[in-house]
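Structure first, commentary second.
Nothing in this text is a laboratory measurement; each read-out follows from the coordinates by a stated rule. Please read these numbers as outputs of a predicted model, since none were measured by experiment. So basically every Cβ, Gly included, is an ideal-geometry build from the backbone, and we count neighbours across all protein chains shown.
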Amino acid sequence: MKEKIVYWITGSQTLYGDDVLAHVAAHSEEMANYVDKHVPVTVKYLTTCKSSEEVVEAVRKVNAEKDCIGIITWCHTFSPAKMWIKGLSMLQKPMCHFATQYNEKLPYDTIDMDFMNENQAAHGDREFGYIVARMRMENKVVVGYFQDEKALEEIAAWCRVAAGYAFSKEVKVARFSDNMRDVAVTEGDKVEAHIGLGWQVDYYPIGDLVEYIQAVKEEEVDALMAEYAQKYTMGTDRIEVVREQAKYEVALEKFCKERGGYLGIVDHFGSLHGLNQLPGLAIQDLQSKGYGFGAEGDWKIAALGATMQYMAGQKGTGMMEDYTYDLEKGLCLGAHMLEVSPQFAATKPEIQVHPLDIGGKSDPARLVFEGIEAPKAIAVSMVDMGDRMRLIIQKIKLVKYPHPMPRLPVGGLMWQYEPNFKEGVAAWIYAGGAHHTVVSSVVTAEEMVDLGNLWGVEVVLIDENTRIGEFKRQLMWSDAVWKTRR
Ligand code: MN
């Protein structure tokens, strides 16, 4: 993400004279450079704005630069906020207001009015905050000394969100099937998603992919088989079956690159004419490379997965499905028929071939592994409520399998729900959360809340503080708010 740029823009005015403004600029540059070393993107001091014209000029540059994903604003001194109205009304990228200060402590023995006039962030940040609130802008406020670890963590998280937001606007999904017949929750308004989230979802007949599969050369399969041998244990002697999956992977990747830069893939076990296996290993390995995947036509999960995988730096993130409960232990076992990402593997995944009772195709090759443990993880779902998208985020704890499952030939995860099993499951169901999710042990709930706010979708959080009575009332109020927004 370091190629992505966040510009640091400081607010001031001409009242203070050149000496003070020179200090403001030097301090701002020093602070931006310090922050830059602690966040995943590049933070660069851009300018100190002293007039409406200068704000407009800065915002024009921010909007125009492709790699610029947002701005950090701060007012070292007082900056009369009417000068920000024109520029901020043009701003097309996320904004973080860093309520910070150049000095951590007050120099009690020497402080005088010169010091007060040069260091008045408490004053300036309020004037700036008013105009942002008045203009109903979506921004993030982070408070703290610029070298404070917690404040820097929050800035780093916001940078990941801003980068994810920019990435999301580039997400294109190649969809080789419509939604599974009769299934409701995987449906959604693709035009609305394109407008609001930036997700472009394009349908292709599976025959278009079959042409790519038929054109794959043996050498290309050999090369990918060598990669598999590096990454995975070969737990089958049915090598031809594995080679078939390698062929699918080569074809899918080539298709995605050549046909428009697709970052997400959607298939359906019931729509595989011309393929003799359901893509399993192929989809798993593609997820490890960053492609988002949605099963049974679920394009929302493919796009959400690609975005969250990017934010996570391709670690611990992928499509998941709530499958079956251990009611005694209060656990859920999540998996899918094949396509669980090896980003979730706790040990080296093994390639195995087993029959698949669904879809009527040949035995598919897949990666089998036990999932990682993570005390702080999230499951995220996006559902279409008819008049808006609802992003549902639940905190979960990924736990070790309590018992081996030698006859279960898939990758999987087990987890506990927050705030507890009963209320966690009930809240998810009340909110209309889907069975397909994107699970991540890297992206945080707070980051997804911020991303949902940037997207302008309804955000529902289920965490350690969730209580069902209050949660249901929150859903009711939220519904009323969203009806007035349309
Ligand atoms: Mn499914």
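Apply the a/c threshold of 1.5 to the C-alpha gyration tensor of segment 121-177 and tell me whether it is rounded, prolate or oblate.
oblate
Over 10 Å intervals from 0, what percent of Cα-Cα pairs in segment 222-338 sits in each interval?
12, 40, 35, 11, 2
I'd like to compare 131-139, 244-252: which one has the highest average count of other Cβ atoms within 10 Å, and what's the full order after that?
244-252, 131-139
At R0 = 30 Å, how high is the FRET efficiency between Arg126 and Tyr34 if r is their beta carbon distance? Nearest 0.05 is fine.
Efficiency at R0 = 30 Å is approximately 0.80.
Extension gain Ala346-Phe115, at 0.36 nm per residue separation less the Cα-Cα distance, in nm? Spell out each step's value before the answer.
Working: separation 231, 0.36 × 231 = 83.16 nm, distance 5.52 nm.
Contour length minus the Cα-Cα distance gives 77.6 nm.
Do you know the relative contact order of segment 172-484, to the nearest whole percent, from alpha carbon pairs under 8 angstrom that are 6+ apart?
18
Using 0.36 nm times the number of residues separating Ile85 and Ala25, minus their current alpha carbon distance, what extension gain do you get?
Extra length available between Ile85 and Ala25 comes to 19.4 nm.
Regarding segment 382-486, what is the average projected area of its C-alpha convex hull, in nm²? Could you put the intermediate results ahead of the total?
Values: hull surface 31.0 nm².
Hull-based average projected area comes out at 7.7 nm².
Just the Cα atoms of segment 5-168: what Rg and Dmax do they give in Å?
Over segment 5-168's Cα set, Rg and Dmax evaluate to 15.0, 51 Å.
What distance in nm separates the two pseudo spin-label positions at Met385 and Glu149, each 7 Å out from Cα along the beta-carbon direction?
My value for the distance between the label points is 3.9 nm.
By average Cβ neighbour count within 10 Å, what is the ranking of 158-166, 36-44 from highest down?
Details: 158-166: 25.0, 36-44: 17.4.
Most protected by this proxy first, the peptides run 158-166, 36-44.
Longer than 28 Å from Cα to Cα, which of Lys2/Lys82; Lys315/Lys397; Lys150/Lys300 are they? Say none if no pair is.
Violating the 28 Å Cα-Cα cut-off are Lys2/Lys82; Lys150/Lys300.
Quick one: dipole size for segment 157-218, taken about the Cα centre, charges +1 on Lys/Arg Cβ and -1 on Asp/Glu Cβ, in debye to the nearest 20.
Computed charge dipole of segment 157-218: roughly 300 debye.
What percent does the relative contact order of segment 58-209 come to when contacts are Cα pairs within less than 8 Å and at least six residues apart?
Relative CO of segment 58-209 lands at 22 percent.
If you take the alpha carbon radius of gyration of segment 306-409 and divide it by 2.2 N^0.38 Å, what ratio comes out, to two decimals?
Ratio of Cα Rg to 2.2 N^0.38 Å: 1.20.
For an R0 of 22 angstrom, estimate the FRET efficiency from the Cβ-Cβ distance between Val210 and Ile239 and round to the nearest 0.05.
0.50
With 5 Å bins from zero, work out the P(r) of segment 307-365 over every alpha carbon pair and list the percent per bin.
Once binned at 5 Å, the Cα pair distances of segment 307-365 give 4, 14, 17, 20, 21, 15, 7, 1.
What is the antiparallel percent of DSSP beta bridges lying wholly in the chain, to the nearest 5? Walk me through the numbers on the way to the answer.
Working: 33 of 71 bridges.
Roughly 45 percent of the beta bridges in the chain run antiparallel, per DSSP.
Computed from the mean reciprocal separation of all distinct C-alpha pairs, what Kirkwood hydrodynamic radius does segment 169-224 have, in Å?
Here the Kirkwood hydrodynamic radius works out to 13.8 Å.
With charges set only on the Cβ (+1 for Lys and Arg, -1 for Asp and Glu), what does the dipole of the chain come to about its Cα centre, in debye to the nearest 20?
That gives the chain a dipole magnitude of about 760 debye.
When the chain is fully extended, how far beyond the present Cα-Cα distance does Asp326 get from Lys361, taking 0.36 nm per residue of separation?
Extending this stretch completely gives an extra 9.5 nm.
Each label point is 7 Å from the Cα along the Cα-to-Cβ direction; what then is the distance between the points at Arg136 and Ser51, in nm?
The answer from the label model is 3.2 nm.
Under a Cβ-only charge scheme (Lys and Arg +1, Asp and Glu -1), can you give me the dipole magnitude of segment 5-168 about the Cα centre, in debye to the nearest 20?
Numbers: 16 positive and 22 negative charges, 191 e Å.
In debye, rounded to 20, segment 5-168 gives about 920.
Which order do the peptides 22-28, 377-383, 230-236, 266-272 come out in when sorted by mean C-beta neighbours inside 10 angstrom, highest first?
377-383, 266-272, 22-28, 230-236
Using R₀ = 25 Å, calculate the FRET efficiency as 1/(1 + (r/R₀)^6) where r is the Cβ-Cβ separation of Lys289 and Lys400; round to 0.05. Provide the component values of the computation, followed by the final result.
Numbers: r = 27 Å, r/R0 = 1.08.
Efficiency, from the Cβ-Cβ distance: 0.40.
If I model a spin label at Lys61 and Thr484 as a point 7 Å from the Cα along the Cα→Cβ vector, what separation in nanometres do I get?
Calculated label separation equals 4.0 nm.
Using only Cα atoms, what is the ratio of the radius of gyration of the chain to 2.2 N^0.38 Å?
1.09
Based solely on its DSSP helices, what 222 nm [θ] is calculated for the chain when runs of n ≥ 4 H residues each add -39,500 (n - 2.57) and the sum is averaged over all residues, nearest 500 deg cm²/dmol?
Here the helix-only value at 222 nm equals -12500 deg cm²/dmol.
From the phi of every residue in segment 21-33, what ³J(HN,Hα) in whole Hz does the Karplus formula 6.51 cos²θ - 1.76 cosθ + 1.60 yield, where θ is phi - 60° and glycine or proline is x?
In residue order, the calculated couplings are 5, 5, 5, 4, 5, 5, 5, 4, 5, 4, 5, 4, 5 Hz.
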